[in-house]
Amino acid sequence: MRQIPLVADGLLRGTTISGAAGLAVGSPAWFTWLADDAARSFSFRSAAGAYTARKERRQRGSAYWVAYRTAAGRQHKVYLGKADQLTPERLAEAAATLAARVTQAAPDRPDQGAGGVLLLSTKLFVPRPRPDLVTRPRLIDHLNDGLDAARCSLLSAPAGTGKTSLLAAWIAQLDRPVAWLSLDDRDQAFDQVLRYLVAACRTIAPGCGRRALAWLDAPRPPPSDVLISALVNDLAALPAPSVLVLDDYHVVRDPAVHDAVEYLLDHLPPTLHLVIATREDPPLPLPRLRARRHLVEVRAADLGFSIEEATEFLGAGLGLRLPEAQVAVLVERTEGWAAGLQLAGLALRDRGDPAAFVAAFTGGHRLVADYLLAEVLERRPPPIRRFLLATSVLDRLCGPLCDALLAPDALLAPDTLLAPDAGDSVGGSQGVLEELERTNLFLVPLDDERGWYRYHHLFADALRTRLAREAGPEAAAALHRRAGAWFGREGLLPEAIGHALAGGAAEDAATWIEALTPRLFATTSIHRTLAGWLAALPAPVLRSHPLLCLAQAWLLIHRVELESAAAWIDAAARALPAAGDARGAVAATRAYLATVVPTTAPDQAVAWAERALADLPPDDAAYRSIAGISLGQAALAMGRLDRAERAFADIAAADRAAGLVQGSLTASTQQANVQRLRGARRQALTTGWAALTWASEHAVPATVGRLRTVLAELVIDENDLTAAVPLATEGLAALSEFGNAPPLVLLGSLPLLRLRLAQGDVAAAEGVLAELRPQLAQVPFAMVAQLLEAAEARVRLARGDGAAAVAWAAGVAWTAPVQPATVADLLRFGVPAVEAAAVVPARVLIAQGRVTGEDALLQRAQRHLEVAGQLADERGLGWLRLRVSILRALLADAQGDRRRTLGSLAEAVAQAESEHVIRPFLDEGEPLAALLRAAARDSQARVSPAFLGTLLAAFAGGSPGPHGTGLIEPLTERELDVLRLLAAGHSTADLAAQLFVEQSTVKTHLIHLYRKLGVRSRTQAAARARALGLLD
């Protein structure tokens, strides 16, 4: 496998000219190597940091070098310079710069939201009341009275009536925690609103909503009520009464959001009170809430200012001392409307004749607003007026951002009303913002430090309308481009992308989207956002960026639209020459696709994966993970189980270290699958439990559902049906609710079908199949059809109707060695496919041959088992070898060959004993039980008496024994004593005192407990014990 050269300790190694000793960095030979066209990249390591340097070339110009470092799913880069500029000092400086950027972009930045998507923390800021705010005790008392008596408080009134100000004053006097979410026009999709809702709730209940976000991150999330139920369950554990506020709810238009809020209201825990502030009544069941006295309402009439309140408002807030008669006219004309009073007060401050001005306007709120806004704007100095209009394109403002929008250059034509005059000063936007807030000019602070602000929605709408009318669309677009550039420089990429798209800067948007795409592999939470961004890009721009083409391909792979995905990978490859070096990412994606297409191509997958690993930088954990998983899948398809297991184990560990949850769980699940194929059930249990324990500490993606179903199969093998029930049912529920691809749902359904058959509930097993059939009608994989047919045959056998399945079994039974392509297909689908093709046909033929006495059926089964046994021996399939031995015993018995019967039975029992496998014997029913009883009576039968007794007890309906707990080893009585005390919260010293042993002895017991439970801490041990019922 080709590796890129390495620079470390001042030496270049790994090139044909550097030799074993290495080549000194900064030497003439170093610069000669850099200038050589064959030199494309190298990795750099030092105490300051690490990165990968790549040579890039402008379309018309010389080559230059760029340093790249990927961390936490985000790529950072620094320009190094031309070859002759790459001195040792320059390399070290770049490492330090990249290390600083990685630290600054760490996941605990305020804009890093739940689920890995960047969220605006300012939307969660609880507003503080202004010092000059008019106290409104009648309204605050009204809200207080409903706090415990009702579920919801609704503030429904037009814009500018003082809803948010009232809430700020009310919250300031509350003695309970408050979560706040300000909605805006971008919150038009359920998943976006739910992410912010979880983020808001986490301000009062850290850690809540993890399961909801995990489900939301699935390719096809479950219904909204399932997601909200998960969040409600978390909120029900709130230790004290709390309040959740949804401000500006009127912007929401998605029916799914309204349905979710209705569901939340219906199931709101008693410790939480919901407040909704809106300009219009939401489509919620308000009559029902009123009838049940669950609703407190504040309407426009309630919010209207009285003459006394208006007098205080105009005096304290705006410094106006008006006669009561003039205040009364203002109240009458504005109908007590807070925004109207504020606009009127702003206009009156510069008027010498207040009475004449008050008489000059009339009409409804909209007319009053238009009139007064014009008055307010016209009386601002030109620089302030330009400031207001230019910054109106922003959803949130800060001083440096506003400076960037107002900087003079050719972006704004000199003849527009936005162009600064010669005497205008720039660079003082922070002072302007503070002055606007001081003068009460509709500016709302978004944090306590007065760093971020927003305009009052009414004011912002009016400013944007005027900007579009007077400056034209191109001026607004130019401002959006400036805003995008500033957000991009600050690393706030989602906002940068939004402004770039609004300003027609598609190339800039594409560059920033490209920088975010590595998050695909850390979490699926950005899928929907990414899909929307890609759809907004012009096709030529999208196709010119290889990483964006690959992002589109991955979105399609997750939807199992594989032909379309292949076309986008080809598009990425075509874009490579014009857009830098993404060869490794393209190769890794091709490798993965080669392992999942209907006709698997393991040789191609290996070639592409090795090429990817040679081209990818060492710090690109995401695509290196994809390449590694592809190598494991290819090795599995080629029957190289040891190589596949090592590959999956290596990737699982690397992805855990890199924080790639989905990749780690995928690799661990496949590692357990390979171990089960080998017949190493105990080892597979250890792998699976360890992965599930680790996953419980992270946001869990859809992959955990498949892992649970694999664990269900492993505990069913030992006949621990009680432990299997939650694993099989919850695992399948997760797979189905996540909207996974039908083949994956089928694989996840088979353990539940097996469990129902083991429980003797054939009707329930048929129900599992009935739910599956419609989902699999259009699936292009031939193996999926065979899996379904084999499952139907198993149900027919259990129903005693083997005759209905015998034609199928005879038609698919093997008569010649299995072709390599078929073996590859079997192995990539794992034990379920091997069982469907190698075991079930023989079971049907033997069962029916025993009933009818037809020798032809038994002969067909014998030939099939010969081929299956050969496959098991050649590929090291211990699981299949056990099943073949069991079926050979039944076959020999049907053919009257006692010696062969006992020999096969002894082989099967010996193989099963070491891994404590019981269920495959029970599945064959009374015929095999009779053989085991006969073996127990036969002194010449070389069968383990201890395990034979365990099997016979299981046939008799006895306990599965001490192993039947889903554990890799049973717990001793003393270990159970330790576990119970540990779960009760006792310290090591307490344990030693209560058990009358030394603390060192307790620690030894804990070590054994952790190993047997597959955990690493006391908390995990207690949780695992409860899940297994060990504390009952």
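The values are calculated or read from the model by the stated rules, or taken from the named source; none is laboratory data. The shown structure was predicted, so the numbers you read here are calculated from the model rather than taken from an experiment. Neighbour counts are summed over all protein chains in view; Cβ atoms, including those assigned to glycine, are modelled from backbone coordinates with ideal geometry.
With respect to the conditions (1) touching a Pro at 6+ places or on another chain (Cβ under 9 Å); (2) acidic (Asp, Glu); (3) under 21 Å from residue 826 (Cα atoms), residue 620 lacks only one, and its number is (3).
Which residue out of 35, 48 is at pLDDT below 80, in the same structural domain as residue 92 (by TED's automatic domain parsing) and farther than 16 Å from residue 583 by Cβ? It would help to see each step written out before you state the result.
Numbers: 35 fails: at pLDDT below 80.
Step by step, each of 35, 48 is checked, and only 48 is at pLDDT below 80, in the same structural domain as residue 92 (by TED's automatic domain parsing) and farther than 16 Å from residue 583 by Cβ.
Of all the criteria given as (1) on the phi < 0 side of the Ramachandran plot; (2) modelled with pLDDT of 85 or more, the one not satisfied by residue 64 is (2).
Total residues in the range 925-952 satisfying the condition of being closer than 24 Å to residue 760 by Cα and buried (at least 19 other Cβ atoms within 10 Å of the Cβ): the figure is 6.
Residue-by-condition table, conditions (1) modelled with pLDDT of 50 or more; (2) crowded, with 20+ Cβ neighbours inside 10 Å; (3) of a type in the set (A, V, I, L, M):
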{"residue": "405", "(1), (2), (3)": "yes, yes, yes"}
{"residue": "408", "(1), (2), (3)": "yes, no, no"}
{"residue": "418", "(1), (2), (3)": "yes, yes, yes"}
{"residue": "424", "(1), (2), (3)": "no, no, no"}
{"residue": "430", "(1), (2), (3)": "yes, no, no"}
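Within the range 846-854, not a single residue is touching a residue at least 40 places away in the same chain (Cβ under 8 Å), under 21 Å from residue 681 (Cα atoms) and in a helix (DSSP H, G or I). Remark: pairs (first residue in the range 977-989, within 17 Å of residue 1013 (Cα to Cα); second residue of a type in the set (Lys, Arg); Cβ separation under 8 Å; 6+ apart in sequence or on different chains) = 982/1018; 983/1026.
Taking the numbered list (1) closer than 28 Å to residue 343 by Cα; (2) of a type in the set (A, V, I, L, M); (3) exposed (fewer than 15 other Cβ atoms within 10 Å of the Cβ) in turn, residue 291 passes all entries but (1). The residue that is modelled with the lowest pLDDT, among those in the range 1-24 that are under 21 Å from residue 610 (Cα atoms) and of a type outside the set (Lys, Arg), is 1.
Would a scan of the range 494-509 turn up a residue that is without any contact (Cβ under 8 Å) to a residue 12 or more places away in the chain and either out of contact with any Gly (no Cβ under 6 Å at 6 or more places or on another chain) or not assigned by TED's automatic domain parsing to the domain that holds residue 247 (or both)?
no
If you check 912, 906, 889 for being in a helix (DSSP H, G or I), of a type outside the set (Ser, Thr, Tyr) and surrounded by fewer than 23 Cβ atoms within 10 Å (Cβ to Cβ), only one passes: 906.
Annotation note: of 837, 912, the sole residue that is closer than 19 Å to residue 807 by Cα, of a type in the set (A, V, I, L, M) and assigned by TED's automatic domain parsing to the domain that holds residue 937 is 837.
Somewhere in the range 621-638, is a residue of a type in the set (D, E, K, R), in contact (Cβ under 8 Å) with a residue 24 or more places away in the chain and surrounded by 24 or more Cβ atoms within 10 Å (Cβ to Cβ)? Let's see the steps before the verdict.
The first filter runs over the range 621-638 and keeps only residues of a type in the set (D, E, K, R), leaving 624.
Still in the list and also in contact (Cβ under 8 Å) with a residue 24 or more places away in the chain: 624.
Right, trim to surrounded by 24 or more Cβ atoms within 10 Å (Cβ to Cβ) and you get 624.
Within the range 621-638, one or more residues are of a type in the set (D, E, K, R), in contact (Cβ under 8 Å) with a residue 24 or more places away in the chain and surrounded by 24 or more Cβ atoms within 10 Å (Cβ to Cβ).
Of the listed requirements (1) more than 37 Å from the chain's Cα centre (by Cα); (2) free of Cβ contacts under 8 Å to residues at least 60 places away in the same chain, residue 168 misses just one: (1).
When the range 501-517 is filtered for residues that are of a type in the set (Ser, Thr, Tyr) and assigned to a helix (DSSP H, G or I), only 511 remains.
Given the structure, is residue 813 in contact with a Pro (Cβ under 8 Å, 6 or more places away or on another chain), touching a residue at least 40 places away in the same chain (Cβ under 8 Å) and over 25 Å from residue 922 (Cα atoms)? Here the answer is no, as residue 813 does not meet what is asked. Mind listing whichever residues of the range 574-614 are touching a residue at least 24 places away in the same chain (Cβ under 8 Å), more than 24 Å from the chain's Cα centre (by Cα) and within 23 Å of residue 542 (Cα to Cα)? Passing the criteria: 574, 575, 576, 578, 579, 580, 581, 582, 583, 584, 587, 612. Count of the range 170-202 residues, restricted to those that are out of contact with any helix residue (DSSP H, G or I) (no Cβ under 9 Å at 6 or more places or on another chain), at pLDDT 85 or above and in a loop (DSSP other than H, G, I, E, B), is 1.
Checking 183, 174, 155 one by one, the residue that is touching a residue at least 12 places away in the same chain (Cβ under 8 Å), surrounded by fewer than 18 Cβ atoms within 10 Å (Cβ to Cβ) and closer than 14 Å to residue 245 by Cα is 174 and no other.
In the range 30-47, the residue that is nearest to the chain's Cα centre (by Cα) out of those that are under 18 Å from residue 9 (Cα atoms) and loosely packed, with under 15 Cβ neighbours inside 10 Å is 45.
Let's see how each residue does on (1) touching a residue at least 24 places away in the same chain (Cβ under 8 Å); (2) assigned to a helix (DSSP H, G or I):
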{"position": "745", "(1), (2)": "yes, yes"}
{"position": "752", "(1), (2)": "yes, yes"}
{"position": "755", "(1), (2)": "yes, yes"}
{"position": "764", "(1), (2)": "no, yes"}
{"position": "770", "(1), (2)": "no, yes"}
{"position": "774", "(1), (2)": "no, yes"}
{"position": "779", "(1), (2)": "yes, no"}
{"position": "787", "(1), (2)": "yes, yes"}
{"position": "793", "(1), (2)": "yes, yes"}
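Mind checking which residues of the range 902-947 are under 45 Å from the mean Cα position of the chain (by Cα) and within 24 Å of residue 791 (Cα to Cα)? If the condition is that a residue be under 45 Å from the mean Cα position of the chain (by Cα) and within 24 Å of residue 791 (Cα to Cα), then 908, 912, 917, 918, 919, 920, 921, 922, 923, 924, 925 are the ones that fit. Condition first: part of a loop (DSSP other than H, G, I, E, B) and surrounded by fewer than 20 Cβ atoms within 10 Å (Cβ to Cβ). Now tell me which residues in the range 639-662 satisfy that. Within the range 639-662, 640, 659 qualify.
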